[in-house]
1. Once you have the Cα-Cα distance between residue A:187 and residue A:294, take 0.36 nm times their residue separation minus that, and quote the gain in nm to one decimal.
2. Please compute the contact order of chain B in relative form: average sequence separation of alpha-carbon pairs under 8 Å and at least six residues apart, divided by the residue count, as a percent.
3. Mean projection of the alpha-carbon convex hull of the range A:357-407 over all orientations, in nm²?
4. At q = 0.13, 0.18 Å⁻¹, what log₁₀ I(q)/I(0) does the range B:154-201 have when each alpha carbon counts as one equal point scatterer in the Debye sum?
5. Using a basic spin-label model with each label point 7 Å from the Cα along Cα→Cβ, how many nm lie between residue A:278 and residue B:215?
6. Just the number, please: Stokes-Einstein D of the range B:102-184 in µm²/s, Kirkwood Rh from C-alpha pairs, 20 °C, 1.002 mPa s.
7. Run through every distinct alpha carbon pair of the range A:202-261 and return the Kirkwood hydrodynamic radius in angstroms, one decimal place.
8. Largest first, please: the extent of the C-alpha atoms of the protein assembly as shown along each principal axis, to the nearest Å.
């Protein structure tokens, strides 16, 4: 007998009990929809994080002070000396590193009170060099960025991040206005375009010439042991392939200038965007798997629901099964009939669930709350899972039906 | 040809053994029309199930056309049930919410016929039992007699050599019952089918050529029926 025959029998049986069919597949619908939606949201989060990080320049190495693996709790209670990165390190690197480098800048950073007329709040102030714009691939909305001349003359000029400009000036044009940072007047010479919120977004920062920062604003906070300190040294590498070798050279050179013994661990970090990326994506991947597993459990529950209903159905249709056997149905034909019925249920639920999941994910994406990316493999995976559940939970009821004794089944009341 | 050799069927009911069949021996030749009679609980339904390959004997041999049935596997048994034997049950056992045509098509489906051939054959046998105008009716839209005719058409679908009927008139009024016996007789004479009827009603049994009486699982008599009732003879006359 053909499978299409069995499929027709299955559809007829499912149509005969519409309400029950709908309620039964609801479990699978919800499970599959959750899997599809959660995977889409997980993928979306990963994609947006990746994009945010790469928008900061994918060939960027960040050298910053701090011992490696210091951890969040400051090294598990061990007292560690604070470590510093110096302006001298930057100068040494700028002199010594030339191959494969397209730009290198030092950054000092601190938080100060900002004021314009009645508005005042604390914000991150970064002392930067003219190349900072290129290294972080920043674009200007208005005006110009910090120039070499500004640094040489230690000019009191400031470039505002998009959000800062909005908070301070609202709809006013900030260009040419004077704002005060820690009570010192700065002239606004530029406003950056928004880069979207992310960690360490330029939207929420102000940029001043690094020389101005050392001489007029940061004072003692940027001095240690009588030497000027920096927070980060950003190194823009020409090609992705050269990243590792440049990072190794930086480690070697800074280690030597910090006079660290071979056995001593580094008191600075060299991080590439890809390092940060892989750390973050491993976090989002774990989350996605975790959420997917929870959704998978609801699918499993749906499968048990299907099995339950199919067992009831086999009992109800005992006489029918007996009759089918009496008119020539083999064990395998009965088995296939009930298996196809279960698989039809779960696949139907799977298809509706996928559509619903896509709907939920798109709704999230459209609302702008959570980005979501629906991929073919997540749909394929959800579908395969639904199918597998149909087969798995269908086997037992189908075997029960197939193994019924024809005589006993016919006499069943 | 049906050969029963010492057929025994024992059911275990808790602690007690029930001998539903206790060493039944008989032979039914191709083309015979036989009634198996006995009171309820005599084992006649058990015998019927074994003859129909719905059940297997505990001991003894059932040889159908020279083949010992106990040596067959599930698929071969299903094939015999589908092609060699046609069943008619007391309670009709039609699929609910399914048209007469589709009910009759069921054995044809399992026999592997294509859709077109199935429909043609189903219409043909429904015509044979006089229901050409009822093919699209569901069982609940048909009278008891009509339902049993659909069931007979279903039994005839694969043109089986043997027609087994278990109390076929048991759920019908006597007038409809007589009409059905007429149908069985004409199937027997026109198609040459072996017809085996199980009944407790001697009036029904006397429509056949041979009556096997069974009691407590044993065959108590097996004789030619000398008082054959030709279908259509009013019942009243007989009982007088």
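Values in this text are rule-based calculations from the coordinates and carry no lab data. It should be emphasised that the depicted structure is a prediction, and the values quoted were computed from it without experimental measurement. When we count neighbours, we look across all protein chains shown, and the Cβ atoms used for this are built from the backbone with ideal geometry, even at glycine.
1. Contour length minus Cα-Cα distance gives 33.1 nm.
2. Dividing the mean separation by the residue count of chain B yields 27 percent.
3. Values: hull surface 19.5 nm².
Over every viewing direction, the Cα hull of the range A:357-407 projects on average to 4.9 nm².
4. The calculated log intensity ratios at q = 0.13, 0.18 Å⁻¹ are -0.29, -0.55.
5. Placing both labels 7 Å along Cα→Cβ, they lie 9.4 nm apart.
6. Numbers: Rh = 13.1 Å.
The calculation lands on 164 µm²/s.
7. Values: mean 1/r = 0.0696 Å⁻¹.
This gives a value of 14.4 Å.
8. Principal-axis extents of the Cα atoms in the protein assembly as shown, largest first: 137, 57, 42 Å.
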